[in-house]
Structure formats: C-alpha cells, structure tokens
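Inspection log for the structure reproduced underneath, given as structure tokens.
The values are calculated or read from the model by the stated rules, or taken from the named source; none is laboratory data. Quick caveat, the model's predicted, so the values are computed rather than measured. Because the Cβ atoms are built from the backbone with ideal geometry, glycine has one as well, and the counts that use them run over all protein chains shown.
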Amino acid sequence: MPRDSQPQSFPKFDALVIGGGAAGLYAALSLPGELRVGLLTKDTLTHSASGWAQGGIAAAFDEQDSPQLHAQDTLAAGAGLCDLQAVEFLAAQASTQVKALLAMGIAFNRRADQQLAFTLEAAHCRPRVLHAADTTGRALINTLTAQIEQRQNIQVLADTFTLSLWLNSQTGHCQGVCLFRHGQLSWLAAPIVILATGGGGQVYAQTTNPPLSTGDGVAMAWRAGVILQDLEFFQFHPTALTLPGAPKFLISEAVRGEGPFAGCEGPTLYV
C-alpha cells in the first residue's frame, strides 16, 4: 500500500496511543473527550509490565511531608544524575495525579480510621508510598482499564503489533503508524501519535519483565529519527526469586523498605 494513501479498513482517529500499560491507559484517558482515540496494544488490554509492579506509588500527602522533601530524596537516590526540572515536576504533580486515581476508584490500602496507609521504601525519608496490598500495579491497571471501557471516544485495538511510525514522505512528519493485526499489514492514519510502549527488559538474559517487554517503541522511534535520551539508565530490580523452569519472580521493594535498612540510610542500588 502506498505510504501516503489513506487506510480504508479502520475508523478515523484523531489520536493514537501505542501501548496498553499504565502510561498508555492514562495517556488515553487524559486526552480531550472530543477526540476519537485509538489505543493499540500488542496483547490483551490487561497484559502489560505495569501489572507486574508490586510496591506502590510515592506521593507527598502527609502533613510531615512535602514535594520538596520528595524531590530531595529523589535527587539523593539519583546520585547527581537526575534531571532537576523533571524531578521537581514529578514531585510537585504526584499528589494531584494520585488524587485523580483515587477519584477513579483505585483501592489503595487504608488504616483502621480509613485514612490512606503510607509505607516507607528505600531512599525515602518519609512514609509516602501508597499501595494496594502488594499488587499495586494490577490494581492500577484494573482501575484504568475500567475507565477506558466507559469512554465512548476510546477504541481499543488489542493483539495489534505496531511496527513503525508512518512518516509523510514530503514533510517528514508522523501521520500514523504501520501495524500488523490479524495476520495483515496495515497503515493507520492519525495526526497525533503517542508512544507509551514501556521498557525492553527482554533484551537482557536476566529480567523480571514479562515476555512482551521487548523495547519496540524505542526501536521504532529511533528508526524514525526521534531524539532519544538517557538510554543508558536501565533499571534492574535488585531482588527476585528464581525457580527452575519458571519465570523470575519480582520481590517487592517493600520487603527492603520496611526492614532494618529502611528510610534515609541510603538509596536502593539497582544492579
């Protein structure tokens, strides 16, 4: 099919979000409701690396805490390598975004008085980590998926493998994507394309990432000439359980955060 011709087999979309993890789901929900959004995921909507996350989400809610302290802890854990502007933005926005998740119905753990229960994890000087038992990622995905299913403007294209960005041959601007779905190669047009494809742990011999974490989004961005940054920063979770013949099982950050080495004694070292 000519690269600049208009696809005929899909509805018209105003925006495409590539990736069905927490970032992709939240991005689709954050777009204006009047936009027709296509959400493309290479597996079913509930399968992503986000669903494997356990420990929780950090945000400065408590009166004894603040975004400034959250930022300080993050910078200390980053050993001078953090982007200051990004850290300050993340710490300042964290509580607002968590409140949005609470409004969507996510079931974070609560104390006996029904106040949110915060736990302490490595590199944090205050208990500021919200969690849903020890399956926070799954609770997050379930909550966001339920919201997606209620949005009439969002159409999910599951079992869809996005191969590359579709560039206009004259302007070089992205005008959609090339995808492989139901055994067929197709071109899907949209003026807005958001890559939220997650990590690529499967490029390494040892990883706690699920099999679908193959770094496709980074690769297609690079092929299209997108500027990439900080690819050397790759997180390896430091604790996992290995059993013969079974995938490696991630052991939660909370195991270390609540133990004798909790708090400000030093950041977690990811190796």
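Quick notes on this structure:
- Scanning region 163-173 for residues that are surrounded by fewer than 20 Cβ atoms within 10 Å (Cβ to Cβ) and hydrophobic (A, V, I, L, M, F, W, C), we see that the one that is farthest from Gly21 (Cα to Cα) is Leu167.
- So Asp65, is it closer than 20 Å to Ala196 by Cα and among the charged types (D, E, K, R): no
- In the set (1) in a helix (DSSP H, G or I); (2) buried (at least 19 other Cβ atoms within 10 Å of the Cβ), the condition left unmet by Asn209 is number (1).
- Subset of region 217-248 (residues that are in contact (Cβ under 8 Å) with a residue 40 or more places away in the chain, more than 30 Å from Asn168 (Cβ to Cβ) and surrounded by 13 or more Cβ atoms within 10 Å (Cβ to Cβ)): Lys248
- Residues located in region 148-162, provided they are crowded, with 17+ Cβ neighbours inside 10 Å and of a type outside the set (Ser, Thr, Tyr): Ile148, Ile154, Val156, Leu157
- Of the listed requirements (1) assigned to a helix (DSSP H, G or I); (2) under 17 Å from Ala132 (Cβ atoms); (3) touching a residue at least 12 places away in the same chain (Cβ under 8 Å), Gln54 misses just one: (1).
- Residue satisfying all of: in region 50-84; within 20 Å of the chain's Cα centre (by Cα) and among the hydroxyl-bearing types (Ser, Thr, Tyr); surrounded by the most Cβ atoms within 10 Å (Cβ to Cβ) among these: Ser50
- Some residue of region 97-112 being of a type in the set (S, T, N, Q), surrounded by fewer than 19 Cβ atoms within 10 Å (Cβ to Cβ), assigned to a helix (DSSP H, G or I) and in contact (Cβ under 8 Å) with a residue 24 or more places away in the chain: yes
- The residues on offer are Ala94, Ala132, and the sole one that is in contact (Cβ under 8 Å) with a residue 24 or more places away in the chain, part of a helix (DSSP H, G or I) and under 21 Å from the mean Cα position of the chain (by Cα) is Ala94.
- Residue match in region 131-139 (condition: in contact with a strand residue (DSSP E or B) (Cβ under 7 Å, 6 or more places away or on another chain), buried (at least 18 other Cβ atoms within 10 Å of the Cβ), under 14 Å from Asp62 (Cα atoms) and at pLDDT 90 or above): no
- Flag if Thr119 is more than 17 Å from the chain's Cα centre (by Cα) and either farther than 21 Å from Ala23 by Cβ or of a type in the set (Asp, Glu) (or both): yes
- Reported count of residues in region 26-46, each being modelled with pLDDT of 95 or more, closer than 16 Å to Thr162 by Cα and within 17 Å of the chain's Cα centre (by Cα), is 2.
- Residue in region 20-74 that is farthest from Cys125 (Cα to Cα), counting only those that are charged (D, E, K, R) and touching a strand residue (DSSP E or B) at 6+ places or on another chain (Cβ under 7 Å): Lys42
- Hits in region 174-194 - residues which are in a loop (DSSP other than H, G, I, E, B) and surrounded by fewer than 19 Cβ atoms within 10 Å (Cβ to Cβ): His182, Gly183, Pro191
- Counting only residues that are modelled with pLDDT of 95 or more and more than 18 Å from the chain's Cα centre (by Cα), region 190-222 holds 4 of them.
- Filtered residue count, region 186-216, keeping only those that are over 20 Å from Ile141 (Cα atoms), in contact (Cβ under 8 Å) with a residue 60 or more places away in the chain and not hydroxyl-bearing (Ser, Thr, Tyr): 8
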